[in-house]
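Okay, structure first, notes after.
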Amino acid sequence: MGSRSTATSDPLTRVLRTRRELRAALADSRRPVGLVPTMGWLHEGHRSLFARARAENASSVATIFVNPRQFNEAADYTQYPRNEARDLTMCRDEGVDLVFAPSVDEVYPTGFDTIVHVGAVGRPLEGAARPGHFDGVATVVAILFGLVKADRAYFGQKDAQQVMVIRQMAGDLAIPTEVVACPTIREPDGLALSSRNVHLSSEERAAAPVIHRALMAGRAAWDRAERSADPIRSAMRSVLSEEPLAVVDYVSAADASTLAELDRLSTPALLSVAVRFGSTRLIDNELIDPS
Ligand code: AMP
């Protein structure tokens, strides 16, 4: 891994290591272009984004880059799972045209000195729990948007606040790339696919579907015509408290467009939770739309 310095010659999927190689390959690409940014260790969630990008665009670009600037814990960055060879196999299987898999220095060359900071929508929830995380996300996605100049970029609703941060950033910076949110792909037991799931022990893996059960309990309360947010949050907490391995970071019922915590659910609401199982922190959410 990492020994190739030039674009590989796969007839279908080309792997680019440098900004220059990427620009040259894009110059030959048919439009519209669909972009899927990832940190690798690809799973079926990523695959669904590749399939969508391919279906809706003439050319598809995946990026594989474990972005050090979005990790607020050094150990989380060093332990983040990586397997580029396997990732490239999935990209080829899905017919992704270009894969940009740069080094850290290629993304942040010597002298790089800009941080993209998104305001209110980046502050609560993941923004509060992981200081600096969304600055890292917004900065790297702004770079990728600038490099690829995609017509559309595809992100998972699993990271709902991330989609909101990126939409705000792209709108404010007049980046014309359309930000497309795609459904969360889950295991049969409801656990949202995540690269971090690989870190779960077998006991933790067996416990982790409690996250989705908690979100479903929140939705069930809504379905029973509960409109006060506190009982909905309590319903989610109550399910999580039944699982001894689950350590709750937050349980939220927030306005889906501002992420402000709600008293009553009248506008679209985002139920979201962050839970630790040992050293692995998982997030998930459920969108409730009164209309
Ligand atoms: P990551 O590699 O974790 O940074 O994720 C890359 C993209 O895949 C992000 O837009 C994620 O929201 C999305 N993604 C991650 N997990 C899932 C999932 N289970 N279903 C759908 N999209 C996902």
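Please give the FRET efficiency for T110 paired with A206, using the beta carbon to beta carbon distance and R0 = 35 Å, rounded to the nearest 0.05. Walk me through the numbers before you get to the answer.
On the way: r = 47 Å, r/R0 = 1.34.
After rounding, the FRET efficiency stands at 0.15.
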Quiz item: Near the amide H of T63, under 5 Å away, which other amide H atoms are found, from residues 5 or more places off or on another chain, if H is placed in the peptide plane?
Solution: V36, T38, F100
Quiz item: R23 versus D289, label points 7 Å from Cα toward the beta carbon: distance in nm?
Solution: 4.0 nm
Quiz item: Can you give the accessible area per residue of the chain, in Å², using a 1.4 Å probe?
Solution: 45 Å²
Practice problem: Place a label point 7 angstrom from the Cα of A120 along the Cα-to-Cβ direction, then list the residues of segment 142-168 whose backbone nitrogen is under 20 Å away. | Solution: 160-168
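Just add up the charged neighbours of F134: K/R +1, D/E -1, any other residue whose Cβ is under 14 Å from the Cβ of F134. Provide the component values of the computation, followed by the final result.
On the way: positive: R69, R123, R130, R167; negative: E126, D135, D159, D172.
Once positives and negatives cancel, what remains is 0.
Hey, any idea what % of the chain's accessible area is carbon plus sulfur with a 1.4 Å probe?
Working: 6710 of 13190 Å².
Roughly 51 percent of what the probe reaches on the chain is carbon or sulfur.
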Practice problem: Treating the angle as unsigned and between 0 and 90°, give the value, to the nearest 10°, between the Cα long axis of helix 160-172 and the longest Cα principal axis of the chain. | Solution: 50 degrees
Quiz prompt | Added length on full extension, which subtracts the Cα-Cα distance from 0.36 nm per residue, L173 to E73 | solution = 33.2 nm
Self-check item: Difference of contour (0.36 nm per residue) and Cα-Cα distance, V248 to E187
Solution: 19.9 nm
Quiz item: Taking Cα atoms, how many degrees apart are the long axis of helix 133-148 and the longest axis of the chain, rounded to 10 and kept between 0 and 90?
Solution: 40 degrees
Quiz item: Over segment 167-249, how many percent of alpha carbon pairs lie in each 10 Å bin up to the one with the longest distance?
Solution: 16, 33, 27, 21, 3
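Quantify how much of the Cα-Cα distance distribution of segment 32-128 extends past 20 Å, in percent.
Values: 2273 of 4656 pairs.
Result for the distance tail: 49 percent.
Treating only the Cβ of Lys, Arg, Asp and Glu as charged (+1, +1, -1, -1), what charge dipole size does the chain show about its Cα centre? Round to the nearest 20 debye.
Details: 33 positive and 37 negative charges, 121 e Å.
So the magnitude is around 580 debye.
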Quiz item: So how tilted is helix 229-241 from the main axis of the chain? Cα-based, degrees 0 to 90, rounded to 10.
Solution: 80 degrees
Quiz item: Once you treat every alpha carbon in the chain as an equal point and sum by Debye, what is log10 I(q)/I(0) at q = 0.13, 0.14 Å⁻¹?
Solution: -0.92, -1.06
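Considering Cα pairs under 8 angstrom that are at least six residues apart, work out the relative contact order of the chain and quote it in whole percent.
Working: 527 pairs, mean separation 45.9, N = 291.
RCO, the chain: 16 percent.
The values are calculated or read from the model by the stated rules, or taken from the named source; none is laboratory data. Nothing here was measured: the structure is a model prediction, and the numbers come from that model. Every residue, glycine as well, gets a Cβ built from its backbone with ideal geometry; the counts of neighbours run over all protein chains shown. All accessible areas refer to the heavy atoms of the entire protein, side chains included, with ligands and DNA or RNA removed. Shrake-Rupley method; radii C 1.70, N 1.55, O 1.52, S 1.80 Å.
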